[in-house]
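Here the structure is laid out as C-alpha cells; the discussion comes afterwards.
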Amino acid sequence: MNSGAIPTAERFGVKDSAYYFDGTSKIQLGTASDYTMDSSEFSISFWFKRDAGNQIGFILGKRADVPTFEQYGVWIMDDISPLRSGKRVYSYFKSSNPGGQAPFREGVSVNVDTSWHHVVVVQSVKSLRTYLDTVLIGEDTTKMVGQFNVASTSFIVGYTFVNAGGQDLYFKGAVDDLWIYKKALADSTIKKLFAYQDDTTNAGGQVGAKEVTENQFESNQIQLYPNPTSKTLRILYSQKINVVVVMSITGEIVKEVSGDESNEINLEVGDLPAGIYFAKIADRSNQSVIRRFIKQ
C-alpha cells in the first residue's frame, strides 16, 4: 500500500520510474513469503538517493516491536545505539531467539552524498556483508541463531518505528530497483548489478536466481497505468504483444497472460498479494522489456 510516496525520475533520468519519500510517506509491501527469510541466506539490492542534511531514516526492511525487535533493514543515520542522526548507510540485522537475547549483525559506511548509490546487503551463514557501490563497507561475522521471519510485520519502504509508543522514523529521499534474492550474492554478481546500464529494471539480467537476457527499448514505447493499481493494470506497447509474464520481487513467475498480438492489454492483478511486481512484456519476435508496478 502506497501512503504518499511520489513517482520520480530514476538514476538514468527516466521519469516516474522511482519513488520519492518526503519524510511522511511510506510503501507497505505486505507480509508475503517473499519477505519471510527464516534462517536461510538472502540478499537485498536497491538504489537510493538521500535528501540533503542529517536524518535518522529507515530506507527499507522489516522490524518487529517489543519485546524481541527481530528485524532486518537498511537505514540512513550515524549510529543505532543510541540513535543518532547522520548521513551514513547503516545495515542492522537482528534475528529472533526465543528464550534468549538475540544477536545482531551490522554494517556502517562513511558519509554518503546526495547522488544515487547502490546498496547490497548479503546475509549468509558466515556473515552479514554490506556493499556501497560495489565496495564492501562492513562484514559482521557474529554467530547468528534464530530466524528473520518478522512474520507479523509488513516489509516497508520509507518508514519504521523505534519502539512501542516511540518516534516515527521516516526516510527522506528516493528509492529504485529493489530486488530480493533468496540466496547470498557473490561479489561478481554485485558488480554486474552496479554496472548495468539500462532502464528496464531487469537487474542486469538477474531475475532471482534465473538468467534472463533482455533487449533495451526506449521508455516512451510502453506505458503501464494506473501504477500503483489495486485491480487492473493497462499496458500499451508500440509492438504487438505476444505474452506478458508477471514476476514477484524474488523472480518467481506468478502470472502469465497471452497478448493475442495486440498493442494493448488489460492485465488483471486483483488476485495478487500487495507488493512490488515486474511485468515482462514480449513481442512476437520474442524481444522483451520489463517494467515495475505496485499492487496495492
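In table form, for the structure just shown:
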{"read-out": "Residue that is more than 23 Å from F171 (Cα to Cα) and buried (at least 18 other Cβ atoms within 10 Å of the Cβ), where the choices are S124, S109, S96", "value": "S96"}
{"read-out": "Residues (farther than 16 Å from T130 by Cα and surrounded by fewer than 21 Cβ atoms within 10 Å (Cβ to Cβ)) located in region 64-79", "value": "A64, D65, V66, P67, T68, F69"}
{"read-out": "Residues of region 31-67 satisfying the condition of being among the basic types (K, R) and at pLDDT 95 or above", "value": "K49, R50"}
{"read-out": "Failed condition for G166, given (1) modelled with pLDDT under 95; (2) closer than 20 Å to Q28 by Cβ; (3) outside any loop (DSSP other than H, G, I, E, B)", "value": "(3)"}
{"read-out": "Given (1) farther than 27 Å from A186 by Cβ; (2) modelled with pLDDT under 85, number of the condition Q28 does not satisfy", "value": "(2)"}
{"read-out": "Restricting region 127-148 to residues that are surrounded by 20 or more Cβ atoms within 10 Å (Cβ to Cβ) and assigned to a loop (DSSP other than H, G, I, E, B), the residue that is modelled with the highest pLDDT", "value": "F148"}
{"read-out": "Options R129, R105; residue that is more than 30 Å from F293 (Cβ to Cβ) and either under 18 Å from the mean Cα position of the chain (by Cα) or outside the structural domain of V14 (by TED's automatic domain parsing) (or both)", "value": "R129"}
{"read-out": "Residues satisfying the stated conditions in region 58-108, i.e. outside any loop (DSSP other than H, G, I, E, B), within 22 Å of S43 (Cα to Cα) and small (G, A, S)", "value": "G61, G73, S91, G107"}
{"read-out": "Answer from V120, V135 - the residue that is assigned by TED's automatic domain parsing to the domain that holds F48 and free of Cβ contacts under 8 Å to residues at least 24 places away in the same chain", "value": "V135"}
{"read-out": "Any pair with Cβ under 8 angstrom, 6 or more apart, that starts in region 16-34 at a residue that is in contact (Cβ under 8 Å) with a residue 40 or more places away in the chain and not assigned by TED's automatic domain parsing to the domain that holds P228 and ends at one that is among the hydroxyl-bearing types (S, T, Y) and assigned to a loop (DSSP other than H, G, I, E, B)", "value": "S17/T201; Q28/S154; L29/S154; G30/S154; T31/S152; T31/T153; T31/S154; D34/T250"}
{"read-out": "Among residues of region 242-288, those that are more than 19 Å from the chain's Cα centre (by Cα) and not in a loop (DSSP other than H, G, I, E, B), counted", "value": "22"}
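The values are calculated or read from the model by the stated rules, or taken from the named source; none is laboratory data. For clarity, every value in this text was computed on a predicted model and none was experimentally measured. Backbone-built Cβ (ideal geometry, glycine too); neighbour counts: all protein chains shown.
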